[in-house]
Amino acid sequence: MELTREDILALVEQTWQTLFGSPIELADPTHFEVDGVRATVAISGAWQGQVRLDLSASAAEEIACGLLEAKPGELESAAIFDAAGEMANILAGNLKSMLPQPSKLGLPVTFSGSALQESPDSWDANPRIVAFLWNSTPISVTILEDSRTRWS
């Protein structure tokens, strides 16, 4: 089984609809630049890789407000980072159910600033990226497979 861009899009659409009750709009990933928050969750086991969620600062706050039932401006940056990590964790958990077993999730890691440009050498040269707009805010979900293992 090959994990396709369509699989990722369906996973993201279903997750957003379930959590927020609102649709997403597909966007062009080549025009997406991260300027806010990145949350990652590693998956290890029969499949090795990472789910990466890239958010604009406004998208990160909007997700946090949705998950924590808060209004914009009410949350500290730590709560926004935690919510971004939780969102990546939810996406990774949903993806894990589609992957070869056994596999397990790592803990979410969330960061911003210069750390956004760092990437481990072992990640797949052909990442699966889905970029979309949610309430006009840019969001991207990337699935990176560890190049030392292959899903067959």
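The values are calculated or read from the model by the stated rules, or taken from the named source; none is laboratory data. Just so it is clear, the structure is predicted and the values come from calculations on it, not from any experiment. Ideal geometry is used to build each Cβ from the backbone, glycine not excepted, and the neighbour counts take in all protein chains shown.
Out of 84, 92, 78, 60, I need the residue that is without any contact (Cβ under 8 Å) to a residue 24 or more places away in the chain and aliphatic (A, V, I, L, M). Which one? Explain how you work it out, then say what you get.
Values: 84 fails: without any contact (Cβ under 8 Å) to a residue 24 or more places away in the chain; 92 fails: without any contact (Cβ under 8 Å) to a residue 24 or more places away in the chain; 60 fails: without any contact (Cβ under 8 Å) to a residue 24 or more places away in the chain.
Testing whether each residue is without any contact (Cβ under 8 Å) to a residue 24 or more places away in the chain and aliphatic (A, V, I, L, M) leaves just 78.
Pairs under 9 Å by beta carbon, first residue closer than 16 Å to residue 51 by Cα and at pLDDT 55 or above in the stretch 118-141, partner of a type in the set (A, V, I, L, M, F, W, C) and assigned to a loop (DSSP other than H, G, I, E, B), six or more apart or different chains?
128/3; 129/32; 131/32; 132/24; 139/24; 139/32; 140/32; 140/34
For the stretch 1-43, which positions are small (Gly, Ala, Ser), part of a strand (DSSP E or B) and modelled with pLDDT under 90?
Residue satisfying the conditions is 27 alone.
With the checklist (1) in contact (Cβ under 8 Å) with a residue 12 or more places away in the chain; (2) closer than 17 Å to residue 145 by Cα in hand, flag the one item residue 97 doesn't pass.
(1) is the only condition that residue 97 fails.
Yes/no matrix, rows are residues, columns are (1) over 17 Å from residue 134 (Cα atoms); (2) among the basic types (Lys, Arg); (3) out of contact with any strand residue (DSSP E or B) (no Cβ under 7 Å at 6 or more places or on another chain):
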residue: 40; (1), (2), (3): yes, no, no
residue: 44; (1), (2), (3): yes, no, no
residue: 47; (1), (2), (3): yes, no, no
residue: 54; (1), (2), (3): no, no, no
residue: 59; (1), (2), (3): no, no, no
residue: 67; (1), (2), (3): no, no, yes
residue: 70; (1), (2), (3): yes, no, yes
residue: 85; (1), (2), (3): yes, no, no
residue: 89; (1), (2), (3): yes, no, no
